1. So which pairs qualify, if the first residue must be in the range 41-57 and in a helix (DSSP H, G or I), the second must be modelled with pLDDT of 95 or more, the Cβ gap must be under 6 Å, and the two must be at least 6 apart or on different chains?
2. Name the one entry in L15, L33 that is at pLDDT 95 or above and in a helix (DSSP H, G or I).
Amino acid sequence: METILVALLSLAGTLAGAYFANRKSSALIAYRLEQLEGKVDKHNQVIERTYALEESVALMDERVKVANHRIADLEKHIR
C-alpha cells in the first residue's frame, strides 16, 4: 500500500512540475512573440514611410525636369 501511495505522490509531483514548466514556457513564448510582433510593426511602418518618400522624390524629380524644360524654353525665346 505504501508503494502505491508513493507512486501516486510521485505521479502527482511529476504532473504538477510538467504543468508549471509548460505554463511558464508558454508565457515566455507568448511574451517573445508579442515583442517580435512589435518589431515587425515598426519595420512595416518604416517600409511604408520609405515608399511614400520614394513617391515624393519621384514627383519632385519630375517637377525639376519640367522646371528645367521651361527655363530652357524661356532662354531660347530670350535669344
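The values are calculated or read from the model by the stated rules, or taken from the named source; none is laboratory data. Keep in mind the model is a prediction, meaning the values are calculated, not measured. Neighbour counts run over all protein chains shown; Cβ positions are idealised from the backbone, glycine included.
1. Partner pairs satisfying both residue conditions: none exist.
2. Numbers: L15 fails: at pLDDT 95 or above.
The unique qualifying residue is L33.
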